[in-house]
Structures are given as C-alpha cells and as structure tokens.
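Novice: What follows is a structure written as structure tokens; I'll ask about it next.
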Amino acid sequence: MDNLTQSQWISLLVPLLVLQLALMITALVVLVKAERTRGPKWLWAIIIVIVNLLGPIAFFLFGRRAD
Amino acid sequence: MSLSLKMKMKMKMSTGMQKWLVLFRKEWLEIVRSYRILWLPIAFAVLGASQPITSFFMPDILASAGNLPEGTVISIPAPTPPEALAGALSQFGAIGLLLVALSSMGAVSGERTSGTSAMILVKPVPFASFITAKWAALVLLASLSLAAGYGAAWYYTETLFGSVSWRDALPAVLLFALWMSFVGTLTLLFSALLRSAAAAAAAALATAAALSLSASSLPFEQSWNPGRLSALAAGRLVASAASPAGGQTAGDVWLTVAVTAIAMLAALFASARAVRRRPADA
Amino acid sequence: MALLTVDRLTKRFEGALAVDEVGFSVGEGRCAALLGPNGAGKTTTIRMLTGLLAPTAGTIALEGMKPGQDRREWIGYLPQHPAFYGWMSGHEFLVCAARLCGLSKKEAAERSGELLERVGLGAAGKRRIAGYSGGMKQRLGLAQALIHRPKLLILDEPVSALDPIGRREVMTLLGELKSETTVLFSTHVLPDAEELCDDILVMAAGRLAAGGSLAGIRERNRQPVLSLETEGDARSRAWLAAWLKRLPDGFETASATSTGARLVVRDLEAARRTVLRELADENVRVTKLEVGYTTLEDLFLKAVGSA
C-alpha cells in the first residue's frame with residue numbers, strides 16, 4: 001500500500017464520497033420539501049448528515065409519509 | 001371462423017399484456033418517485049466499494065489502532081482478487097438483502113391498508129398481473145442495484161488487488177442475483193399473506209437465513225435448497241467457499257437453480273391467490 | 001329489465017352474520033339507493049357486488065354478461081373513502097385506471113381530460129394527489145369510477161364525508177349521471193335517497209327490510225297518521241306517557257317525544273273521535289292535532305327499529 005501515491009488515494013476515495021454526498025443531499029432536499037414526516041424534521045436532518053449512508057437510507061425507508 | 005377466433009385471442013392477449021405493462025409502469029413510477037431508484041443502487045455501490053477498500057487498508061487500520069506491543073508484526077494475508085470480490089458478495093448477502101426486504105416489505109399489505117389495492121382491483125385486471133408486475137419491478141430494481149454494487153466492487157478489486165476473470169465473476173453474480181430475487185419474492189409473498197409490513201420483512205429474512213444456515217451447516221445433500229445459492233456464488237470465485245460442509249459437486253448447480261425458479265413461481269402463485277382471496281382490508 | 005340481480009346474498013364474519021340472505025334487483029337505467037343506518041351491512045353488500053369480498057353464499061348476476069366474463073368490466077365503483085397514490089397526479093391516476101379497463105392510450109388521455117373537467121378538477125389534474133383535499137379526492141374518485149363508461153355505477157356513501165358545499169356539488173353531479181347509467185348508491189341519509197332515486201332498498205341489521213320503487217313504497221305504506229302536540233306542562237306529559245302505554249286497538253306509535261306523538265292509525269274517523277274524547281276528558285292542553293299520512297321517514301324508522 002506504500003506504492004499508492006496521494007493522487008491515487010484520492011481517485012479511489014472521491015467517487016465513494018461523491019456517491020454518499022449525492023445521497024445525503026437528495027435526502028435533505030426531500031426532507032425540506034416534505035409536508036409531513038414521521039418524527040421531527042430537525043432530528044431527521046441530524047440523522048441524515050451524521051449517520052453515514054444508513055442515515056439517508058433510514059430516512060427514505062421510514063421517515064417519509066406516503067400520501 | 002378459426003381466423004377470427006385467432007384474431008380475438010390475439011386481441012385478448014394484447015389487452016392483457018397492455019394491462020400488465022400499465023401495472024408495471026405504475027410500480028416503476030413509484031420506485032422512481034419514492035427515490036428507491038436512487039438510494040438502493042447507491043447503497044449497493046457504496047457497500048461493494050467499501051469491502052475491497054476496507055480489506056486493503058485493514059493492516060493500516062489495525063496498526064494505527066495502537067494498543068499493540070512494540071515490535072508486533074501484523075501478518076494478515078492480503079486477499080486474492082477473487083476473495084475480495086467474494087467479500088463484497090457476502091456484504092450484499094447480509095445488508096444488501098436486508099435493504100431489499102425493507103424496501104419492498106409493504107408491497108401488498110401497504111396497498112391493502114391504504115385502500116389503493118381496492119381502487120386497482122375493482123378494475124378488470126387479473127390478480128396475477130397485479131402481483132407479477134410488482135415482482136418484475138422489484139426484481140429489476142434489485143438487479144440494477146446488485147449490478148451497481150458488483151460493478152463498484154469489481155472496479156475497486158481490480159485497482160487494489162488485481163483482475164478477476166469475467167468467466168468467474170459473471171456466473172457468480174448471476175447465481176447471487178437469483179438468490180436475491182428469491183428473497184425478494186419471499187418478501188412479496190409474506191407481504192401478501194401478513195398484515196404487518198415489518199412482519200413480512202422479518203419472515204422473509206428469517207426464511208432466507210434458515211435456508212442458508214441449513215445449507216452451510218447440515219451435513220447432507222441439499223441440492224434442492226435455494227439457501228445454497230449464495231455459497232455457490234462465492235464458490236464460483238473462491239473454490240474453498242463452495243461447500244463448507246458437504247462435498248457437493250458443481251453438477252447439481254442447475255438443480256438448485258431449477259428448484260429456486262420453481263419455488264419462486266409457486267410463491268407468486270400463492271401471492272396472487274392471497275390477493276384474490278383478500279383484495280383489500282375491510 | 002333488471003340489470004343487476006342479487007339472490008340470497010350472505011356474508012358471515014367469524015360467526016357474525018353481516019349480510020343475511022339479501023335479495024333485490026336493480027333495473028337498467030334506474031337509480032337505486034341502499035338505505036340504512038350505520039352497521040346495517042350496506043358496505044359489506046357493496047363490497048361483495050364489486051368483487052372485493054367473497055360472499056359466504058348467494059349469487060350476483062348482471063344481465064347480458066357472457067359466461068365467464070369479468071363482472072368488474074361493467075362496474076364502476078367509488079368506495080366510501082377513496083384512496084389514491086399520493087405520488088401520482090390526478091390525470092396520471094385516471095389514465096392508469098382507464099388503461100386498466102382496456103382503453104387505448106389515446107382514448108385514456110381524452111377521457112381523463114374530459115372527466116377531470118366534468119368533476120371540476122381541470123386545473124388540479126396536473127398536481128400530485130397528495131395535495132388534494134377530501135372533496136377533491138371524492139370527485140377524483142367519481143371520475144375514476146366513470147372512466148370506462150360502466151353500465152352499473154356503485155357508490156358507497158358518496159356524500160357523507162363532505163362539507164355542505166362539496167355535498168351539493170356531488171349531489172348535482174349524481175343527478176346528471178343517473179340519466180346516463182344505472183346507479184346504486186348507499187346512504188344513511190333519507191333525504192339524499194329521496195332526492196335522487198327511483199328505487200330504495202332499506203337495510204337493517206343485515207337484512208333487506210323494505211324495497212321497491214320510491215312511489216310504490218310511498219303508496220303501499222301510506223297510512224293515516226295523527227300528530228299530537230301538547231303545551232308540555234306536567235299534567236299533559238303525565239297523561240301522554242300513561243296513554244301511550246295503554247293505546248287503544250288500532251293505534252300504533254310511529255315516534256314520540258315527551259310533549260307529543262305521531263300515531264299511525266287504522267281507521268282515521270274512529271281514531272279521531274277516540275282522541276278528541278280522551279283529550280277533553282283528561283283536560284289535556286293540546287296545541288296541535290293534525291291528520292296526515294305516513295312519510296318515508298316513518299317507514300324508514302319503523303323498518304330500522306323493528307329489525
């Protein structure tokens with residue numbers, strides 16, 4: 001692993017971070033636009049931002065109220 | 001006479017097909033508008049990418065964790081490329097299946113509770129179409145997600161550890177896709193049988209876990225057991241993972257595949273029957 | 001000619017009899033009301049007609065169906081609480097419903113636009129249903145029930161959840177619709193049934209208590225009625241309560257309050273004499289004594305009360 005240069009490191013990790021960031025931002029946009037959520041919005045905002053990957057997923061699964 | 005009958009049958013077939021496509025499009029639209037089309041593939045991609053990355057940096061992580069006496073030599077053998085890819089499959093087999101089950105656990109029971117199934121099923125649509133359209137959308141979404149996750153795992157494995165031949169990688173992912181579709185089908189079945197969505201997800205995952213556990217720990221021939229599929233998939237990549245307990249040959253892979261396909265058909269049949277018997281909650 | 005014929009329809013839920021051997025028919029082009037108090041078995045009957053609930057026993061037949069044809073092709077149904085996919089727009093839902101009924105893409109789009117206009121949702125058609133009010137959902141529900149020009153339109157309590165304005169709108173719509181197709185709708189409100197219907201079917205405790213054309217029922221159940229009202233002083237009240245308990249032969253209480261009563265009588269002349277003598281003897285402070293005939297409401301109350 002010593003043979004990895006810094007730019008190689010970045011090229012490895014950046015796509016992963018971009019994906020997670022995209023998911024987080026989408027979740028936040030949906031949260032803001034949602035009229036009603038299950039549980040307080042601010043709590044979901046914290047969960048989405050703090051809990052990596054599973055936070056946004058939990059919001060999409062359980063936080064939104066259909067209809 | 002026979003010509004007009006044929007025409008009539010063709011007409012009937014085509015309106016049946018049209019209705020099925022309308023139902024399928026409705027399911028897919030829901031997948032898109034509920035953002036499942038976004039988060040499920042991303043979750044799989046992140047899972048798939050994390051696995052090779054974590055095993056690549058594991059020695060570093062352990063070393064920086066400290067608590068080790070001076071001079072300790074950590075010797076974790078670096079995984080071979082196929083092993084790294086098989087590791088991603090095992091992630092999909094745990095968290096991936098959980099996400100698939102959670103995302104489709106209310107497929108039927110949710111529509112019954114909200115009353116939307118009553119709105120659809122008073123229209124002249126076959127009950128089987130209602131179920132199979134849901135099934136097709138579910139399997140398509142799961143397959144897309146698996147493709148995204150496996151693609152990511154493959155790319156990172158290739159970059160960090162070395163290449164894996166597609167001759168090994170492709171059969172492995174196909175076997176795993178079948179296993180995942182099977183678990184998705186179980187979720188659909190339990191969602192048609194039970195009132196609670198959470199119970200449907202739990203029942204499907206418990207059934208999958210029981211089959212899988214039975215395949216890996218019971219010492220008799222289990223070619224009939226769909227629970228063998230994930231091990232068979234890993235076995236395509238890493239020979240030693242094929243049959244931890246029994247000494248099964250590759251010859252009965254097709255038998256397992258056939259049994260799984262028949263079991264899925266039976267589950268769809270039972271789901272359609274459950275919807276026919278109880279199209280809506282009172 | 002009868003379009004819908006129901007014979008000895010029965011539904012048993014875990015021992016409890018919700019619908020008990022109900023039989024009736026609805027003529028083609030007629031508008032029939034299924035009338036009854038809450039819990040009478042109206043919704044259960046309707047759900048069996050639409051195929052959402054399997055009957056325990058009995059048959060449902062639509063005149064003119066080919067053997068093996070799906071009954072649902074001819075029926076349009078609006079449930080009591082119509083539910084929609086909140087993530088769809090009103091127009092999308094209608095197109096989806098139309099295509100599930102076998103309409104082509106072009107027909108479906110045209111018919112959806114037309115019906116949205118008709119139920120007053122022309123402007124809201126493009127919006128997501130999640131943002132619709134209860135009244136809008138009810139009107140969208142009516143539109144989706146009409147989408148395939150059903151021969152039989154079945155509506156479950158179409159106006160009971162609406163505010164007075166929404167109620168009037170839907171009643172007006174129904175008034176137009178009944179000239180276009182056969183309608184069967186349930187209600188617990190008698191005036192609604194009287195306003196719209198040709199036929200009424202009164203249900204009580206799972207059974208059909210009375211049924212027939214509105215005019216025929218009125219005619220057949222036309223009985224003389226004596227309405228009596230007192231000042232409500234202690235003496236008059238005491239007399240009324242006691243007298244109602246020992247009513248002479250030929251009198252029957254239709255309804256009573258503490259100050260007055262409506263009495264169905266067999267022979268009007270004899271009854272009038274009896275009552276006048278009684279009132280004079282007992283020194284009752286009468287404010288009103290009226291002679292008339294039973295209304296549909298009397299029949300409804302009697303049918304529901306005796307069941």
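Each reported figure results from applying straightforward, stated rules to the coordinates on display, with no laboratory input. The structure displayed is predicted, hence computed values, not measured ones. Ideal geometry is used to build each Cβ from the backbone, glycine not excepted, and the neighbour counts take in all protein chains shown.
Novice: Among the residues in region C:57-71, are any among the basic types (Lys, Arg), under 27 Å from the mean Cα position of the chain (by Cα) and in a helix (DSSP H, G or I)?
Specialist: The answer is yes, given that some residue of region C:57-71 is among the basic types (Lys, Arg), under 27 Å from the mean Cα position of the chain (by Cα) and in a helix (DSSP H, G or I).
Novice: Could you list, in sequence order, all residues of region C:288-302 that are exposed (fewer than 13 other Cβ atoms within 10 Å of the Cβ) and under 17 Å from C:Ser236 (Cα atoms)?
Specialist: C:Lys288
Novice: What about C:Arg12, is it surrounded by fewer than 16 Cβ atoms within 10 Å (Cβ to Cβ) and within 14 Å of chain B (Cβ to nearest Cβ)?
Specialist: In short, yes.
Novice: Moving to a separate point now. Restricting to region C:115-148, and then to whatever is assigned to a loop (DSSP other than H, G, I, E, B), within 14 Å of another protein chain (Cβ to nearest Cβ) and without any contact (Cβ under 8 Å) to a residue 40 or more places away in the chain, can you tell me which residue is nearest to C:Cys101 (Cα to Cα)? Steps first, answer last, please.
Specialist: First, pick out the residues of region C:115-148 that are assigned to a loop (DSSP other than H, G, I, E, B): C:119-127, C:132-133, C:147-148.
With the extra rule that they be within 14 Å of another protein chain (Cβ to nearest Cβ), the set shrinks to C:127, C:132-133, C:147-148.
Narrowing further to those that are without any contact (Cβ under 8 Å) to a residue 40 or more places away in the chain: C:127, C:133.
Details: C:Arg127: 23, C:Ser133: 26 Å.
Top of the filtered list is C:Arg127.
Novice: May I ask you to say which residue of B:Leu189, B:Leu146 is among the hydrophobic types (A, V, I, L, M, F, W, C), buried (at least 22 other Cβ atoms within 10 Å of the Cβ) and within 13 Å of the chain's Cα centre (by Cα)?
Specialist: From the options B:Leu189, B:Leu146, the qualifying one is B:Leu146.
Novice: Could you list all residues from region A:41-56 that are in contact (Cβ under 8 Å) with a residue 12 or more places away in the chain and under 15 Å from B:Leu47 (Cα atoms)?
Specialist: Residues satisfying the conditions are A:Asn52, A:Leu53, A:Gly55, A:Pro56.
Novice: Among the residues of region C:261-278, is any part of a loop (DSSP other than H, G, I, E, B) and in contact with a Gly (Cβ under 8 Å, 6 or more places away or on another chain)?
Specialist: yes
Novice: So if I check each of A:Val32, A:Val14, which one is under 24 Å from B:Pro79 (Cβ atoms) and either away from chain C (no Cβ under 14 Å) or among the hydrophobic types (A, V, I, L, M, F, W, C) (or both)?
Specialist: Selected residue: A:Val14, the only one of A:Val32, A:Val14 that is under 24 Å from B:Pro79 (Cβ atoms) and either away from chain C (no Cβ under 14 Å) or among the hydrophobic types (A, V, I, L, M, F, W, C) (or both).
Novice: So, in region C:181-232, of the ones that are of a type in the set (Asp, Glu) and more than 23 Å from C:Thr44 (Cα to Cα), which residue ends up surrounded by the most Cβ atoms within 10 Å (Cβ to Cβ)?
Specialist: This residue is C:Glu229.
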